[in-house]
Amino acid sequence: MGARRQFSREFKLATVKLVKERGVAVAQAAHDLDVHENVLLKWIRDPAVDPRPAFSGQGVVRPGEVELERSRKENAKLRMERDLLKKAAAYFAKESM
């Protein structure tokens, strides 16, 4: 298996501009530039979310991602605790009858 290809930020932005401003179909642009369609679609979505840090490089975490991940983990833990308490309440309610 070959090495993973790296694309410059300028190439990515130019490709996104080609699709968005010139109206070239994603499939056609991907084929012409020898890039997988899913990669091109990801490039199109990235700047729409937060244009400042898009394509910032390897290993760079966007602002807020750390807090979002922490919140997701806490949310999952709280859901698990809630479900456990629901089951316990149902068990004790059934036993008291």
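The values are calculated or read from the model by the stated rules, or taken from the named source; none is laboratory data. Model, not experiment: these values are computed from the prediction. Glycine gets a Cβ as well: all are built from the backbone with ideal geometry, and neighbour counts include every protein chain shown.
Output the residues belonging to region 1-12 that are hydrophobic (A, V, I, L, M, F, W, C) and assigned to a helix (DSSP H, G or I). Passing the criteria: only F11. On the stretch given as region 16-30, residues that are loosely packed, with under 13 Cβ neighbours inside 10 Å and not in a helix (DSSP H, G or I) total 2. L78 meets all of the listed conditions (1) modelled with pLDDT under 85; (2) assigned to a helix (DSSP H, G or I) but one, namely (1).
Residue-by-condition table, conditions (1) at pLDDT 85 or above; (2) in a loop (DSSP other than H, G, I, E, B):
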residue: A14; (1), (2): yes, no
residue: L40; (1), (2): yes, no
residue: A48; (1), (2): no, no
residue: S56; (1), (2): no, yes
residue: P63; (1), (2): no, yes
residue: L68; (1), (2): yes, no
